[in-house]
1. Can you tell me the orientation of helix 25-41 relative to the chain, as the angle in degrees between its alpha-carbon axis and the longest Cα principal axis, to the nearest 10?
2. Which value, in debye to the nearest 20, describes the size of the charge dipole of the chain about its Cα centre when Lys and Arg Cβ atoms bear +1, Asp and Glu Cβ atoms bear -1, and nothing else is charged?
3. About its Cα centre, how strong a charge dipole does the range 32-84 have in debye, to the nearest 20, once Lys and Arg get +1 and Asp and Glu get -1 at the Cβ?
4. Can you give me the relative contact order of the chain as a percent, contacts being Cα pairs under 8 Å and 6 or more apart?
5. Given Tyr183, Tyr12, Phe207, which one lies farthest toward the positive end of the charge dipole of the chain, if we put +1 on the Cβ of every Lys and Arg and -1 on the Cβ of every Asp and Glu?
6. Aspartates and glutamates within cross-link reach of Lys217: Cα-Cα under 16 Å, excluding same-chain residues under 8 positions apart?
7. Mind scanning Lys26/Lys233; Lys42/Lys155; Lys179/Lys222 and naming the pairs with a C-alpha gap bigger than 28 Å?
8. DSSP loop (so not H, G, I, E, B), at most 15 other Cβ within 10 Å: list which trypsin sites (Lys or Arg not before Pro) in the range 101-186 pass both filters.
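The values are calculated or read from the model by the stated rules, or taken from the named source; none is laboratory data. Being a predicted model, the structure only gives us computed values, none of them experimental. We place every Cβ from the backbone using ideal geometry, glycine too, and count neighbours over all the protein chains shown. Just so you know, the surface numbers come from the protein's heavy atoms only, side chains and all, with ligands and any DNA or RNA stripped out. Shrake-Rupley method; radii C 1.70, N 1.55, O 1.52, S 1.80 Å.
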Amino acid sequence: MTKNPIDDVDLYGVQYFQDHYVSDPKRDAMQLQEYRRFMTMKPPFPDDFRATVLDVGCGVGNFLSIFKEQGWTCWGVEPSQYARQQAARKGIAAYESLRYFSRESVDVVIFRGTLQHINYPMESLVQATRILKPGGTLVILATPNTESWVYQIWKTLPALEPARNWVLFGNSELTNILKRLNYENIQSVFPYWGTPYANPVMDFLKFAFSLFFGYRKFAFPKSMMEIYAIKGK
(Lines give C-alpha, C1' and ligand atoms only; values in the text may rest on other atoms or scores of the structure.)
Protein backbone atom coordinates (compact mmCIF):
# COMPACT_ATOMS: atom_id res chain seq x y z
CA MET A 1 0.00 0.00 0.00
CA THR A 2 1.34 3.42 -0.95
CA LYS A 3 1.66 5.76 2.02
CA ASN A 4 -0.33 8.96 1.84
CA PRO A 5 2.37 11.64 1.45
CA ILE A 6 0.59 13.99 3.85
CA ASP A 7 -0.51 11.41 6.41
CA ASP A 8 1.43 12.17 9.61
CA VAL A 9 0.17 9.31 11.75
CA ASP A 10 3.66 7.76 11.81
CA LEU A 11 5.02 10.94 13.42
CA TYR A 12 2.75 10.46 16.43
CA GLY A 13 3.64 7.00 17.65
CA VAL A 14 3.73 5.65 21.18
CA GLN A 15 7.14 7.19 21.87
CA TYR A 16 5.91 10.65 20.90
CA PHE A 17 3.15 10.58 23.50
CA GLN A 18 5.41 9.06 26.13
CA ASP A 19 7.94 11.86 25.54
CA HIS A 20 5.47 14.74 25.25
CA TYR A 21 2.87 13.84 27.84
CA VAL A 22 5.01 13.03 30.85
CA SER A 23 4.44 15.08 33.97
CA ASP A 24 5.12 18.74 33.15
CA PRO A 25 4.15 21.21 35.91
CA LYS A 26 4.39 24.22 33.58
CA ARG A 27 2.11 22.68 30.98
CA ASP A 28 -0.34 21.54 33.65
CA ALA A 29 -0.46 25.05 35.12
CA MET A 30 -0.88 26.57 31.64
CA GLN A 31 -3.79 24.28 30.83
CA LEU A 32 -5.49 25.25 34.08
CA GLN A 33 -5.02 28.94 33.21
CA GLU A 34 -6.50 28.29 29.77
CA TYR A 35 -9.52 26.54 31.25
CA ARG A 36 -10.16 29.40 33.66
CA ARG A 37 -9.78 31.98 30.90
CA PHE A 38 -12.14 30.01 28.67
CA MET A 39 -14.74 30.03 31.44
CA THR A 40 -14.64 33.84 31.49
CA MET A 41 -14.83 34.12 27.69
CA LYS A 42 -17.62 31.67 26.84
CA PRO A 43 -21.30 32.62 26.81
CA PRO A 44 -23.09 31.72 30.06
CA PHE A 45 -24.91 28.41 30.25
CA PRO A 46 -27.98 27.75 32.43
CA ASP A 47 -27.04 26.21 35.78
CA ASP A 48 -28.72 22.92 34.90
CA PHE A 49 -27.25 22.74 31.40
CA ARG A 50 -24.86 19.87 30.71
CA ALA A 51 -22.45 21.29 28.14
CA THR A 52 -20.54 19.15 25.66
CA VAL A 53 -16.93 19.89 24.70
CA LEU A 54 -14.86 18.34 21.92
CA ASP A 55 -11.06 18.66 21.80
CA VAL A 56 -9.52 18.22 18.33
CA GLY A 57 -6.15 16.53 18.73
CA CYS A 58 -6.84 15.66 22.34
CA GLY A 59 -3.77 13.45 22.77
CA VAL A 60 -4.11 11.32 25.88
CA GLY A 61 -6.90 13.53 27.23
CA ASN A 62 -5.03 15.61 29.80
CA PHE A 63 -6.69 18.94 28.93
CA LEU A 64 -10.14 17.39 28.65
CA SER A 65 -9.68 15.88 32.09
CA ILE A 66 -9.99 19.38 33.57
CA PHE A 67 -13.38 19.78 31.90
CA LYS A 68 -14.48 16.31 32.95
CA GLU A 69 -13.66 17.06 36.60
CA GLN A 70 -15.98 20.09 36.34
CA GLY A 71 -18.90 18.03 35.03
CA TRP A 72 -18.59 18.59 31.28
CA THR A 73 -19.46 15.86 28.78
CA CYS A 74 -16.14 15.34 26.99
CA TRP A 75 -15.27 14.01 23.55
CA GLY A 76 -12.00 13.92 21.67
CA VAL A 77 -10.62 13.56 18.16
CA GLU A 78 -7.23 11.91 17.95
CA PRO A 79 -5.66 9.91 15.07
CA SER A 80 -3.34 7.90 17.35
CA GLN A 81 -4.87 4.65 18.56
CA TYR A 82 -2.48 4.59 21.51
CA ALA A 83 -3.49 8.10 22.60
CA ARG A 84 -7.19 7.24 22.23
CA GLN A 85 -6.69 4.26 24.50
CA GLN A 86 -4.97 6.41 27.10
CA ALA A 87 -7.79 8.97 26.92
CA ALA A 88 -10.33 6.17 27.39
CA ARG A 89 -8.64 5.27 30.67
CA LYS A 90 -9.52 8.77 31.83
CA GLY A 91 -13.15 8.21 30.84
CA ILE A 92 -12.86 10.22 27.60
CA ALA A 93 -14.12 8.74 24.33
CA ALA A 94 -11.95 9.83 21.40
CA TYR A 95 -12.52 9.18 17.70
CA GLU A 96 -10.29 9.31 14.65
CA SER A 97 -12.07 12.13 12.84
CA LEU A 98 -14.52 14.98 13.22
CA ARG A 99 -16.67 13.19 10.65
CA TYR A 100 -17.82 10.78 13.36
CA PHE A 101 -19.86 13.57 14.95
CA SER A 102 -23.32 14.64 13.82
CA ARG A 103 -24.36 18.10 12.76
CA GLU A 104 -24.92 20.71 15.50
CA SER A 105 -24.25 18.25 18.32
CA VAL A 106 -21.52 19.95 20.38
CA ASP A 107 -21.47 23.15 22.47
CA VAL A 108 -17.72 23.82 22.38
CA VAL A 109 -14.97 22.76 19.96
CA ILE A 110 -11.36 23.30 21.01
CA PHE A 111 -8.14 23.17 18.99
CA ARG A 112 -5.39 23.26 21.61
CA GLY A 113 -1.92 23.48 20.07
CA THR A 114 -3.06 21.37 17.12
CA LEU A 115 -4.06 23.59 14.21
CA GLN A 116 -0.51 23.81 12.83
CA HIS A 117 -0.21 20.00 12.94
CA ILE A 118 -3.33 19.26 10.87
CA ASN A 119 -2.70 18.54 7.20
CA TYR A 120 -6.10 19.93 6.16
CA PRO A 121 -6.71 22.71 8.70
CA MET A 122 -9.42 24.45 6.66
CA GLU A 123 -11.40 21.23 6.33
CA SER A 124 -11.07 20.69 10.08
CA LEU A 125 -12.38 24.20 10.79
CA VAL A 126 -15.31 23.60 8.43
CA GLN A 127 -16.08 20.26 10.10
CA ALA A 128 -15.83 21.87 13.53
CA THR A 129 -18.32 24.49 12.39
CA ARG A 130 -20.64 21.77 11.11
CA ILE A 131 -20.83 19.96 14.45
CA LEU A 132 -21.06 23.11 16.59
CA LYS A 133 -24.53 24.13 17.69
CA PRO A 134 -25.63 27.64 16.65
CA GLY A 135 -24.33 29.92 19.35
CA GLY A 136 -21.63 27.37 20.22
CA THR A 137 -18.05 28.39 20.95
CA LEU A 138 -14.97 27.66 18.86
CA VAL A 139 -11.73 27.95 20.85
CA ILE A 140 -8.22 27.96 19.42
CA LEU A 141 -5.53 27.73 22.11
CA ALA A 142 -1.74 27.47 22.37
CA THR A 143 -1.31 28.35 18.70
CA PRO A 144 1.79 30.03 17.22
CA ASN A 145 1.15 33.52 15.85
CA THR A 146 3.07 34.33 12.66
CA GLU A 147 2.34 38.04 13.17
CA SER A 148 4.51 38.13 16.28
CA TRP A 149 7.79 40.02 16.30
CA VAL A 150 9.74 36.84 16.92
CA TYR A 151 8.27 35.02 13.94
CA GLN A 152 8.54 38.06 11.68
CA ILE A 153 12.27 38.36 12.44
CA TRP A 154 13.40 34.71 12.67
CA LYS A 155 10.58 32.76 10.96
CA THR A 156 10.33 30.34 13.84
CA LEU A 157 8.86 30.07 17.32
CA PRO A 158 9.64 27.81 20.29
CA ALA A 159 6.41 25.83 19.89
CA LEU A 160 7.10 24.85 16.29
CA GLU A 161 8.29 21.40 15.25
CA PRO A 162 9.18 21.66 11.54
CA ALA A 163 8.69 17.94 10.83
CA ARG A 164 5.17 18.12 12.26
CA ASN A 165 4.01 21.52 10.98
CA TRP A 166 1.78 22.08 7.97
CA VAL A 167 0.09 25.48 7.90
CA LEU A 168 0.95 28.37 10.23
CA PHE A 169 -1.50 31.18 10.82
CA GLY A 170 -1.41 34.74 12.01
CA ASN A 171 -4.09 36.29 14.14
CA SER A 172 -5.52 38.40 11.30
CA GLU A 173 -5.71 35.40 8.96
CA LEU A 174 -7.53 33.22 11.47
CA THR A 175 -9.89 36.03 12.38
CA ASN A 176 -10.77 36.57 8.71
CA ILE A 177 -11.27 32.83 8.16
CA LEU A 178 -13.65 32.62 11.10
CA LYS A 179 -15.62 35.61 9.83
CA ARG A 180 -16.00 33.83 6.49
CA LEU A 181 -17.28 30.78 8.37
CA ASN A 182 -20.00 32.90 10.01
CA TYR A 183 -18.47 33.32 13.46
CA GLU A 184 -19.27 36.34 15.58
CA ASN A 185 -17.83 38.02 18.69
CA ILE A 186 -14.32 36.93 17.68
CA GLN A 187 -11.84 37.76 20.43
CA SER A 188 -8.08 37.28 20.47
CA VAL A 189 -5.86 36.81 23.52
CA PHE A 190 -2.05 36.70 23.54
CA PRO A 191 -1.07 34.93 26.76
CA TYR A 192 2.39 35.74 28.07
CA TRP A 193 2.36 37.90 31.19
CA GLY A 194 1.67 35.77 34.22
CA THR A 195 1.94 32.45 32.38
CA PRO A 196 4.19 29.63 33.65
CA TYR A 197 6.49 30.06 30.63
CA ALA A 198 7.11 33.78 31.00
CA ASN A 199 10.39 35.05 32.43
CA PRO A 200 10.30 38.68 31.26
CA VAL A 201 13.83 39.68 32.24
CA MET A 202 15.49 36.65 30.66
CA ASP A 203 13.13 36.59 27.68
CA PHE A 204 13.82 40.20 26.74
CA LEU A 205 17.57 39.64 27.21
CA LYS A 206 17.39 36.59 24.93
CA PHE A 207 15.47 38.66 22.38
CA ALA A 208 18.27 41.25 22.34
CA PHE A 209 20.97 38.55 22.29
CA SER A 210 19.28 36.81 19.35
CA LEU A 211 19.25 40.01 17.32
CA PHE A 212 23.05 40.02 17.32
CA PHE A 213 24.08 36.38 17.72
CA GLY A 214 21.28 34.30 16.22
CA TYR A 215 17.97 33.00 17.46
CA ARG A 216 17.65 31.18 20.78
CA LYS A 217 14.34 29.81 22.00
CA PHE A 218 12.45 32.05 24.41
CA ALA A 219 8.88 32.95 25.27
CA PHE A 220 7.78 36.44 24.21
CA PRO A 221 4.62 38.58 24.07
CA LYS A 222 2.29 37.76 21.15
CA SER A 223 4.26 34.68 20.09
CA MET A 224 1.27 32.52 21.03
CA MET A 225 -2.40 33.28 20.55
CA GLU A 226 -5.86 32.21 21.59
CA ILE A 227 -9.05 32.92 19.66
CA TYR A 228 -12.61 32.63 20.96
CA ALA A 229 -15.53 32.83 18.52
CA ILE A 230 -19.27 32.23 18.59
CA LYS A 231 -20.97 30.39 15.72
CA GLY A 232 -23.63 32.56 14.15
CA LYS A 233 -27.26 31.45 14.40
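1. That works out to roughly 60 degrees.
2. Values: 26 positive and 22 negative charges, 43 e Å.
Once rounded to the nearest 20, the dipole reads 200 debye.
3. 60
4. Details: 385 pairs, mean separation 43.9, N = 233.
It comes to 19 percent, rounded to a whole number.
5. Tyr183
6. Within reach: Glu161, Asp203.
7. Listed pairs above 28 Å: Lys26/Lys233; Lys42/Lys155.
8. Numbers: sites: Arg103, Arg112, Arg130, Lys155, Arg164, Lys179, Arg180; in loops: Arg103, Lys155.
The qualifying sites are Arg103, Lys155.
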